[in-house]
Amino acid sequence: MRDRWIAGALAALLLAVAPGGFGCVSTSVRQVSPNPLLVPSADFEAVWKQAVTVTNEYFDISSENRLAGLIVTQPKVAATLLEPWHGDTVGFDQRLEATLQSIRRFAKVYVNQAPGGGYAVKVEVYKELEDLVKPDRQMGGRAVFADQLPVNRAREVVGPVPVPVGWIPQGRDTKLEQAILARLREGLFL
């Protein structure tokens, strides 16, 4: 039983590390899309629905404002090397970083009328690093000086994970922006 579990874990790791093992994202990012993407269509409804559909493939949508032309998503914890089926992390280096540190991303998608006709779809994906006061559930350091501290008889409450202290902005994630734009271009037949 244990050998099968280890073999399955190694197979998943090899799929994650192998070229092209990151789902449809790796094949659709090859052509660089302009950001904002110009869509030569007079139908706002079709462009808006496609923008919502593609954004929802990567993130959970927090709010949609058609009048402002803005889609805002919920922050999502980045996919790791052990989660090759999630497309929200593009590239081996990004997945390795997300495996070793707590990273999250969120997106803002703007759909505005273009000056020359049609619509301009702008995608902004922001990346953040978790900021904790101390390592979460740290136990190693207390054992070193056990003679100076009284015995801690407090019980750890099992329940929901506490809200993190904060997040450090890491800038924009242009690789994921390009993946979303390529998927949008594909959905709009551009």
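Here, each number is a calculation from the coordinates, and none is a lab measurement. Bear in mind that the values here come from a model prediction, so they are computed numbers and not experimental data. Here the Cβ positions follow ideal geometry from the backbone for every residue, glycine too, while neighbour counts run over all protein chains shown.
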Qualifying lysines (Cα of each under 18 Å from Cα of Lys76; at least 8 residues distant if same chain): Lys108, Lys127, Lys175
Distance in nm between pseudo-label sites at Leu38 and Leu100 (7 Å out along the Cβ direction from Cα): 4.2
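Counting every Cα pair in the stretch 46-131, what percent are over 23 Å apart?
31
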